[in-house]
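Written below as structure tokens is the structure these notes are about.
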Amino acid sequence: MKTKKSFMVIGLGRFGLAIVKTLAEMKADILAIDINEDCVAQANEFTDACVIGDATKINVLKQIGISNIDHAVVAIGNNLQATILATINLKELGVKKITVRVDDEQYESVMQRLGATDTIIPEEASAISLANHISSDNVLDYYKVTNDYSLLQIKLKHDMAKTLIEMDVRNKFEVNVVGVIRGGDFFIPRGNDKLKKDDVMLVIGILKSIVEFDSFVNDNAE
Ligand code: ATP
């Protein structure tokens with residue numbers, strides 16, 4: 001089983017570089033690309049591979065080998081045409097998770113129709129917190145439901161000592177565990193269920209609340 005998630009970051013301006021640096025702190029595998037040599041030089045030390053290239057050209061992406069990428073982030077700013085073409089290329093090459101930077105919210109739905117699984121507006125969301133959350137070992141997957149609400153798949157590192165009702169998850173953390181995957185089987189948990197080590201919880205709520213809940217269940221031996 002692959003333990004580390006691999007990321008590709010396209011566009012290494014301030015925003016893309018912030019994502020790269022944070023993912024590097026999390027020890028993720030990072031492949032990065034920018035058309036500009038200086039940007040590549042700045043990001044190089046934080047990545048496993050950092051190349052000068054034009055992400056609007058599908059052959060360039062093919063050549064640098066993106067078949068193992070779990071999650072690509074298109075962080076090109078101020079160039080809608082390049083953002084669109086890079087997104088279409090990633091989708092065509094089969095990348096499952098594609099987060100696309102949009103500087104204007106009117107383009108969010110356009111990007112989603114072109115293949116983005118998520119969009120991010122730099123002013124509204126800090127690159128650092130996004131990169132932190134999606135690369136944490138416990139967080140297996142991340143879906144943005146609306147601008148405020150997210151659904152995260154979180155793996156449990158320990159058995160829970162208390163049931164979900166005893167933990168008072170909804171009131172205490174303002175999140176809801178809407179599903180559990182245990183040994184490949186999915187079920188909707190009841191209040192009196194005690195979750196076990198290696199269960200994958202599907203947790204919905206505001207990202208900050210989910211992160212607090214994750215820290216509580218995984219960083220405390222509760
Ligand atoms: P801000 O606009 O808030 O300052 P930023 O510094 O991240 O944020 P840009 O300077 O626009 O924004 O950064 C975008 C980066 O994307 C640049 O480094 C640019 O060279 C890169 N880029 C643009 N087009 C392409 C492309 N076709 N392929 C790869 N990289 C590209």
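Numbers at a glance
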| item | result |
| --- | --- |
| Between helix 207-219 and the chain: long-axis angle, C-alpha atoms, 0 to 90°, nearest 10 | 60 |
| Global geometry of region 6-135, whether rounded, prolate or oblate, following the gyration tensor of its Cα atoms and the 1.5 cut on a/c | rounded |
| Area accessible to solvent at HIS71, 1.4 Å probe radius, in Å² | 10 |
| Residue-averaged 222 nm ellipticity for the chain, from DSSP H runs of 4+ at -39500 (n - 2.57), nearest 500 | -9500 deg cm²/dmol |
| Extreme residue, positive dipole direction of the chain, given options ILE35, PHE213, VAL102 (C-beta unit charges) | PHE213 |
| Highest-fluctuation residue, ALA49, ALA116, ALA86 considered, GNM on the chain with Cα pairs under 10 Å | ALA49 |
| ³J(HN,Hα) computed for each position of region 99-110 - Karplus, 6.51 cos²θ - 1.76 cosθ + 1.60, integer Hz, glycine/proline x | 9, 10, 6, 10, 8, 9, 5, 5, 9, 4, 6, 4 |
| PHE213, PHE46, PHE15, reordered so the largest accessible area comes first (probe 1.4 Å) | PHE46, PHE15, PHE213 |
| Value of Rg/Rh across region 139-219 [Cα atoms, Kirkwood radius] | 0.92 |
| Selection from ASN44, PHE7, LEU23, by position along the positive dipole direction of region 6-135 (Cβ) | PHE7 |
| The chain: antiparallel DSSP beta bridges as a percent of all, rounded to 5 | 50 |
| Exposed-loop-free span, longest in the chain, where trypsin sites (Lys or Arg not before Pro) count as exposed if DSSP calls them loop and at most 15 other C-beta atoms lie within 10 Å | 97-156 |
| Descending semi-axes in Å of the chain, equivalent ellipsoid built from Cα gyration tensor | 34, 17, 15 |
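The values are calculated or read from the model by the stated rules, or taken from the named source; none is laboratory data. These numbers come from a predicted model, not from an experiment. Please note: Cβ atoms are built from the backbone with ideal geometry, for glycine as well, and neighbour counts cover all protein chains shown. Each accessible area value is taken on the protein alone, full model and side chains, heavy atoms only, with ligands, DNA and RNA left out. Shrake-Rupley method; radii C 1.70, N 1.55, O 1.52, S 1.80 Å.
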